[in-house]
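Trainee: Following this message is one structure expressed as structure tokens.
Please treat every number below as a calculation from the coordinates, not as lab data. The structure displayed is predicted, hence computed values, not measured ones. Neighbour counts run over all protein chains shown; Cβ positions are idealised from the backbone, glycine included.
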Amino acid sequence: MRTVSLDELRRLPAEPWANGLGSTRVVAAAANPGDGTFDWRLSLADIDLPADFSPFPGVDRHLLLVEGDRLEIEIDGQVTRATPEVAIAFRGEQATRAVTVTGAVRVLNLMTRRRSGPSRSSLEIEHESPTDPDSVVAAVRLSEHRVAVARVA
């Protein structure tokens, strides 16, 4: 298992969202050379204002709040509050928009290309240490691979 601090993630180069309405830092990805697509991608996205999410047809997405006070997203008309405890799962072709943003927030965004059969990816809380409750924010599972992302103040 690989552990990455948020401080390390903040130093990654920022890229604009596909729709240009936000920015993201790619943590890791399995890219398909030549066509610009990916099999999976884990990124840290900055959301500063209400904005539409980029559509990604054929992609399953998981979003987990890791920094910031309040983020609500609307998925096909249903508003859900993002939390650091539970990832929000949705399909990349669903109409998705950040509707309430209090201050700047950061989210982990796991995207996996949908294949035949159920997705074997997940974004979830791995553990919270009783002596350091912020030690691990999330664990990413991509089939048999796991990547832990640690929160560092």
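Trainee: Return the Rg/Rh value of the range 1-120, two decimal places, where both radii are evaluated on C-alpha atoms and Rh is the Kirkwood radius. Don't skip to the answer; put the middle values down first.
Mentor: Numbers: Rg = 13.8 Å, Rh = 14.7 Å.
We get a ratio of 0.94 for the range 1-120.
Trainee: Which value, in nm² and rounded to one decimal, describes the direction-averaged projected area of the C-alpha convex hull of the range 66-109?
Mentor: Values: hull surface 11.6 nm².
Taking a quarter of the hull surface, the average projection is 2.9 nm².
Trainee: What does the net charge come to around Val99 if you take all other residues with beta carbon closer than 12 Å to its beta carbon, with K and R at +1 and D and E at -1?
Mentor: 0
Trainee: Name the residues whose placed amide hydrogens come within less than 5 Å of the amide hydrogen of Thr100, ignoring near sequence neighbours (fewer than 5 apart) on the same chain.
Mentor: Glu72
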